[in-house]
Amino acid sequence: MTITLPTTRPTFDELKKRDGPYLNAWGIWGKDNQHGQTNLITPEAVKRGVAAVEHGITINLNLPLRDKAFESAFRGPVVQEVIDYGNWYDDKVSFNTQSSTQWDGYRHAPYQGYPEKGQQTYYGGLAAADVKNPDKHDYGIQRELIWRKPVTTRAVLLDIPRYIAKHNLAPLDPLTSNTPVTLALLEGAANDQGVEFAEGDVLLVRTGFTEALKALTPEQHKELNLMNGVIGVESKEEVARWHWENGFAAVATDALAYESFPFHEGRSPLHEVFLAGWGLPIGELFDLRELARVADEKQKWTFLFTSMALNLDGGVASPANAQVIL
C-alpha cells in the first residue's frame, strides 16, 4: 500500500491560526490517514536509525511489569494466573495497558471542553462515545504504531541530570512538580551532547525520576502520593513549538507523565496537544538508566530504536516493548 505524505507540514504559527482546538494538526496528512506524527518515520528515517548502530549493544528500555515501586493505586496491580493442565502450563496475565513502561495512544487523552464546555474530542475529531465503543477501531493503538509499520527509527537521548551535574546547575526534584524540565534544559542538553535532530526521530528525555523513586524506603514510598505532583517537561507553548519544529515521531521519558503535573490551569497540557492535536505518541516510565550509563561511557546519544505495541484494535495504550541498539 502506497501512502502519499505532504511535502511540508504547517509551521507552528500556522497551527496557531487553524480552526478547531488549540494547535491541532488534524487532517494535514490527508483524509483517512490515522498515523499522526509516526508518518514521519519514512524509509530514510529508518535507515538513519540503522546507521546509528556502531557497537552492536542492545539495551532494554522496559521496567518490570510487577515492580511494586511503579504500581499505580488507581490502575491496579498486574495479576498473573498460572494454569495447570496436568503436564504443561499456561499463564493468564491481566493488567492495565498503562502499567509500567507504556505508550499513551491517541484515544487516551482528549481536548477538554471542545467543541463545547463539558465535551471531549480526541485526535482527528474522534468522539468520546467512539473511544468507549469496542466496535469502533479508528485511531486505535494498532493504527498509529502497528498497522503501517512498527516504530523503528533513530532515537536521541537527552540526559537532563547529566547536563545539570556537568554544569553545576540547581538539582532537579523528580518527586515533585517544583523543577520541571524547561526548554532551556532541553536545548542545553542537546547542545552539550552535540546532537542534531531530524524529522522522524524518537526523543527520549531522562529526568532521574526512576532512580528517585527506587531510592525511597518502603516507609517513604507509602507516604508518597505521586498525584500531588512529579517532574516532567514544562507544559508551555514554547516547549510545544520546539517539539513541533523538530519533527519528532514520538516522545518518551522515564517519568510518570511526559509533562510535569498537576497540569497548569487555563492552558492545554502537552498531553492534549501531542495526543489529541498532533497524533504524537507519548511514552512513559521508560527505563533509561542503563542507556544513560552506556551512552555516557561511549559518548553516543543516538541509537536505533524499536518498539512493538499490542496489535489491539481500538487500543487506548500499550506496553512499549522497546529497545535501543547502539
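Quick notes on this structure:
- Test: residue in the range 129-149 that is within 22 Å of residue 288 (Cα to Cα) and surrounded by 16 or more Cβ atoms within 10 Å (Cβ to Cβ): yes
- Pick from the range 237-268, criterion under 22 Å from residue 173 (Cβ atoms) and of a type in the set (Phe, Trp, Tyr), ranking: modelled with the highest pLDDT: 258
- Per the conditions (1) surrounded by 15 or more Cβ atoms within 10 Å (Cβ to Cβ); (2) out of contact with any Gly (no Cβ under 9 Å at 6 or more places or on another chain); (3) without any contact (Cβ under 8 Å) to a residue 60 or more places away in the chain, the sole criterion not satisfied by residue 30 is (1).
- Residue 81 meets the conditions (1) surrounded by fewer than 16 Cβ atoms within 10 Å (Cβ to Cβ); (2) charged (D, E, K, R); (3) under 20 Å from the mean Cα position of the chain (by Cα) in every case but one. The failed one is (3).
- Of the set (1) on the phi < 0 side of the Ramachandran plot; (2) surrounded by 15 or more Cβ atoms within 10 Å (Cβ to Cβ), all apply to residue 124 but (1).
- Residue that is surrounded by the most Cβ atoms within 10 Å (Cβ to Cβ) [pool: residues in the range 61-78 that are outside any loop (DSSP other than H, G, I, E, B) and modelled with pLDDT under 90]: 70
- The helices (runs of 4 or more DSSP H) located wholly in the range 157-236 that include 2 or more residues which are over 20 Å from the mean Cα position of the chain (by Cα), farther than 16 Å from residue 69 by Cα and at pLDDT 95 or above occupy 160-166, 183-193.
- Criterion: free of Cβ contacts under 8 Å to residues at least 12 places away in the same chain, farther than 20 Å from residue 150 by Cα, over 20 Å from the mean Cα position of the chain (by Cα) and surrounded by fewer than 16 Cβ atoms within 10 Å (Cβ to Cβ) - qualifying residue of 16, 47: 16
- Those residues of the range 51-60 which are in a loop (DSSP other than H, G, I, E, B), touching a helix residue (DSSP H, G or I) at 6+ places or on another chain (Cβ under 8 Å) and within 14 Å of residue 306 (Cα to Cα), in sequence order: 57
- Being assigned to a loop (DSSP other than H, G, I, E, B) and more than 28 Å from residue 149 (Cβ to Cβ) holds for only one residue in 114, 106, and it is 114.
The values are calculated or read from the model by the stated rules, or taken from the named source; none is laboratory data. Since the model is a prediction, treat every value here as computed from it, not as a measurement. Neighbour counts are summed over all protein chains in view; Cβ atoms, including those assigned to glycine, are modelled from backbone coordinates with ideal geometry.
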